[in-house]
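The values are calculated or read from the model by the stated rules, or taken from the named source; none is laboratory data. Note that this is a predicted model, so its numbers are computed, not measured. Here the Cβ positions follow ideal geometry from the backbone for every residue, glycine too, while neighbour counts run over all protein chains shown.
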Amino acid sequence: MPNRINDRIRGVHQVRLVGDNVEQGIYPFQTALHMADEQNLDLVEISPNADPPVCRILDYQKFLYQKKRKEKEAKANSKKTEVKEIRFGPQTDDHDYNFKLKHAQEFLKDGNKVKAYVFFRGRSIVFKEQGELLLARFANDLAEFGKPDAVPNLEGKRMILNLSPKKQQ
């Protein structure tokens with residue numbers, strides 16, 4: 001239970017009552033508990049670290065329900081970021097490069113991350129410098145839409161560059 005309620009509030013002599021259906025102020029704990037009982041509601045400790053602790057008189061089950069509903073709404077409204085992959089070869093032509101660059105711009109505008117990688121097949125692994133230059137150019141061309149998380153690194157037959165979108169104002 002995240003909040004202490006009624007008799008579970010221990011070691012407290014005075015509480016600060018806040019809320020709609022009560023006169024705000026500092027009350028002895030037993031008086032506050034009695035006030036809650038009279039209204040058939042619960043005495044809920046909202047801020048235990050305050051001096052004196054802050055309590056509220058309310059229906060605890062309803063409070064939990066509303067809290068859970070707010071969390072669910074916040075989760076539904078939050079944007080889930082996806083990682084979009086863009087694949088290059090070490091000798092990618094300008095037309096293909098520009099085509100993939102436009103896609104990457106759209107992905108970054110939408111708030112998604114972009115994972116660009118150069119895939120080396122067979123003996124093309126000797127063109128590592130070309131792959132590095134290609135990814136550096138890619139990151140430079142996308143500078144206004146996103147920023148690279150790290151420098152391009154070689155993992156097996158792939159040279160990978162991750163880009164994160166810039167925060168939109």
Check your understanding: Is the stretch 82-91 home to any residue that is surrounded by 11 or more Cβ atoms within 10 Å (Cβ to Cβ), in the same structural domain as residue 24 (by TED's automatic domain parsing), touching a residue at least 24 places away in the same chain (Cβ under 8 Å) and small (Gly, Ala, Ser)?
Key -> no
Practice item. State yes or no: is residue 124 over 24 Å from residue 147 (Cβ atoms) and hydroxyl-bearing (Ser, Thr, Tyr)? Key: yes
Revision key, fill the gap. Flagged in the stretch 73-109 as within 17 Å of residue 141 (Cα to Cα) and at pLDDT below 85, in numbering order, are 92
Review point. How about the stretch 26-42: which of its residues are over 16 Å from residue 4 (Cβ atoms) and either in contact (Cβ under 8 Å) with a residue 60 or more places away in the chain or among the aromatic types (Phe, Trp, Tyr) (or both)?
Key: 27
Point to revise | Total residues in the stretch 2-19, condition of a type in the set (A, V, I, L, M, F, W, C) and out of contact with any Asp or Glu (no Cβ under 9 Å at 6 or more places or on another chain) | key: 1
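Among the residues of the stretch 107-149, count how many are assigned to a helix (DSSP H, G or I) and either loosely packed, with under 13 Cβ neighbours inside 10 Å or of a type in the set (Phe, Trp, Tyr) (or both).
9
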Review point. Yes or no: residue 98 free of Cβ contacts under 8 Å to residues at least 24 places away in the same chain, assigned to a loop (DSSP other than H, G, I, E, B) and over 17 Å from residue 9 (Cα atoms)?
Key: no
Point to revise | Pair list, Cβ under 8 Å, 6 or more apart: the stretch 50-68 residue assigned to a loop (DSSP other than H, G, I, E, B), other residue of a type in the set (S, T, N, Q) | key: 52/14; 53/47
Check your understanding: Taking the stretch 15-55, which residues are over 22 Å from residue 68 (Cβ atoms), under 38 Å from the mean Cα position of the chain (by Cα) and of a type outside the set (A, V, I, L, M, F, W, C)?
Key -> 16, 21, 24, 25, 49, 51, 52, 53
Revision key, fill the gap. Residue 40 meets each of (1) touching a Lys or Arg at 6+ places or on another chain (Cβ under 8 Å); (2) assigned to a loop (DSSP other than H, G, I, E, B) with one exception, condition (1)
Revision key, fill the gap. Pairs returned, first residue in the stretch 108-128 that is farther than 24 Å from residue 83 by Cβ, second residue that is surrounded by fewer than 16 Cβ atoms within 10 Å (Cβ to Cβ), beta-carbon separation under 8 angstrom, 6 or more apart or interchain, are 124/91; 125/157; 127/91
Review point. In the stretch 150-159, which residue that is aliphatic (A, V, I, L, M) and surrounded by fewer than 18 Cβ atoms within 10 Å (Cβ to Cβ) is nearest to residue 113 (Cα to Cα)?
Key: 150
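Among the residues that make up the stretch 3-25, is at least one of them outside any loop (DSSP other than H, G, I, E, B), loosely packed, with under 13 Cβ neighbours inside 10 Å and either touching a residue at least 40 places away in the same chain (Cβ under 8 Å) or aliphatic (A, V, I, L, M) (or both)?
no
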